[in-house]
């Protein structure tokens, strides 16, 4: 298994500057090492690389202030290549060879789930990034998840907004088609969709998965379209999302509502790639600078991130994952400071019992390590013209539909896709 450490292009250059930022006292101490895998290549890399830059910003800022407990902090990471089969060996190396002080996850449910058995065998506290309901299968008491799809039913919280908006429409939709890859994240997401759809009284007319890495989505979309659903929900990772949208445009698939759990549409690179094809699509999102819950600290982080993004070759806007990647490191920082070290038992006990102040707001974890309160939005892309990036800085292009208290505009319904 090829494992790459701090060696991917311009981000590696940025990382190399970190050592010079530590204060004189901390520079002589043994670093506190924080280990993880991250998707730096493969289909998840656009989000993985932007997450890493945010974590590096935290590393640089922390060392500039003298580190943690008088010691510098050091990120130790490897490219997981967006491949779950790489994960067990990677985390075994981090824990048994590198002997990192703290272990966190990289990006994505599909990468977190295969790390869980390794972390559990070592009795380590595990702070994860954007894993949907991973602990619903493991029930591990030292697991803490940085993702807003929390609450007592995290699988359902991910889909709740999409269906809340759908059932507000007149006439109410009656039929639903769902699809996703046969992988950890889509399976969890679609479990939640089925539960929410049942409560809403929707009839599911299509419910099938497709193999990860499917090269052509046209047959899938044709099969879905043949059932003539009122609404369509896809639980897809970035390559799938693009494939499903392009195939739907090509065959003219026009349900009354289209989207749902399409990962990737929150990334600037895919927004600019798809351009007007996004118009009318309703998907989840977690953080936007114009959302009513966005903090000044969060917006300040984005300014720092965006100043570095172009040179690092990552997502130029960074609305999606960077605030949460930085917040994950803030949770680690506060737990280490509060407990006076990196003892896993003490870190887990503290995280279970205390609130954390982060750039994405104050958060608490429930008994499954999820956010105690979910905070997922349903948004719709509107008025997108061309493929320029600056239009996506405008709140009018990504309208918040739900929750009601954060609503910034009205839905365009039924779905009326725009040809690119």
### Message
With more than 20 Å from residue 305 (Cβ to Cβ), touching a residue at least 12 places away in the same chain (Cβ under 8 Å) and in contact with a strand residue (DSSP E or B) (Cβ under 8 Å, 6 or more places away or on another chain) as the only criterion, which of 92, 125, 62 stands out?
### Response
125
### Query
Among (1) in contact with a helix residue (DSSP H, G or I) (Cβ under 6 Å, 6 or more places away or on another chain); (2) crowded, with 24+ Cβ neighbours inside 10 Å; (3) farther than 26 Å from residue 212 by Cα, which single condition is residue 167 missing?
(2)
#### Entry: In segment 283-329, residue nearest to residue 40 (Cα to Cα) [restricted to those that are under 19 Å from the mean Cα position of the chain (by Cα), assigned to a helix (DSSP H, G or I) and without any contact (Cβ under 8 Å) to a residue 40 or more places away in the chain]
306
### Message
Looking at the structure I just gave you, is residue 158 surrounded by 19 or more Cβ atoms within 10 Å (Cβ to Cβ), in a helix (DSSP H, G or I), modelled with pLDDT under 95 and touching a strand residue (DSSP E or B) at 6+ places or on another chain (Cβ under 8 Å)?
### Response
yes
### Task
Using the structure shown, decide if residue 178 is under 26 Å from residue 130 (Cβ atoms) and assigned by TED's automatic domain parsing to the domain that holds residue 263.
yes
### Query
Yes or no: residue 100 crowded, with 21+ Cβ neighbours inside 10 Å and modelled with pLDDT of 95 or more?
yes
### Message
On the basis of being assigned to a helix (DSSP H, G or I) and modelled with pLDDT under 95, does residue 269 make the cut?
### Response
yes
### Message
For the list (1) over 25 Å from residue 211 (Cβ atoms); (2) touching a residue at least 24 places away in the same chain (Cβ under 8 Å), I need the number of the one condition that residue 133 fails.
### Response
(1)
#### Entry: Failed item in (1) out of contact with any helix residue (DSSP H, G or I) (no Cβ under 6 Å at 6 or more places or on another chain); (2) surrounded by fewer than 16 Cβ atoms within 10 Å (Cβ to Cβ), with residue 387 passing the rest
(1)
### Task
Within segment 343-364, track down each residue that is within 19 Å of residue 102 (Cβ to Cβ) and in contact with a helix residue (DSSP H, G or I) (Cβ under 6 Å, 6 or more places away or on another chain).
346, 347, 350, 351, 356, 358
### Message
Among the residues in segment 293-314, are any at pLDDT 95 or above, over 25 Å from residue 398 (Cα atoms) and either touching a helix residue (DSSP H, G or I) at 6+ places or on another chain (Cβ under 7 Å) or crowded, with 19+ Cβ neighbours inside 10 Å (or both)?
### Response
yes
#### Entry: Lone unmet requirement of (1) closer than 21 Å to residue 241 by Cβ; (2) assigned by TED's automatic domain parsing to the domain that holds residue 238 for residue 172
(1)
### Summary
In segment 401-420, anything part of a loop (DSSP other than H, G, I, E, B) and in contact with a strand residue (DSSP E or B) (Cβ under 9 Å, 6 or more places away or on another chain) is listed as 403, 407, 408, 409, 410, 411, 412, 413, 414, 415, 417
### Task
Identify the residue in segment 375-400 that is assigned to a loop (DSSP other than H, G, I, E, B) and touching a strand residue (DSSP E or B) at 6+ places or on another chain (Cβ under 8 Å) and, among all such residues, is farthest from residue 155 (Cα to Cα).
382
### Message
Can you say whether residue 318 is in contact with a helix residue (DSSP H, G or I) (Cβ under 6 Å, 6 or more places away or on another chain), surrounded by 21 or more Cβ atoms within 10 Å (Cβ to Cβ), more than 30 Å from residue 201 (Cβ to Cβ) and in the same structural domain as residue 34 (by TED's automatic domain parsing), as far as the supplied structure shows?
### Response
yes
### Query
Got a sec? Which of 160, 156 is more than 26 Å from residue 344 (Cβ to Cβ) and touching a residue at least 60 places away in the same chain (Cβ under 8 Å)?
160
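The values are calculated or read from the model by the stated rules, or taken from the named source; none is laboratory data. Everything numeric in this text was worked out from a predicted model, so none of it was measured. Neighbour counts are summed over all protein chains in view; Cβ atoms, including those assigned to glycine, are modelled from backbone coordinates with ideal geometry.
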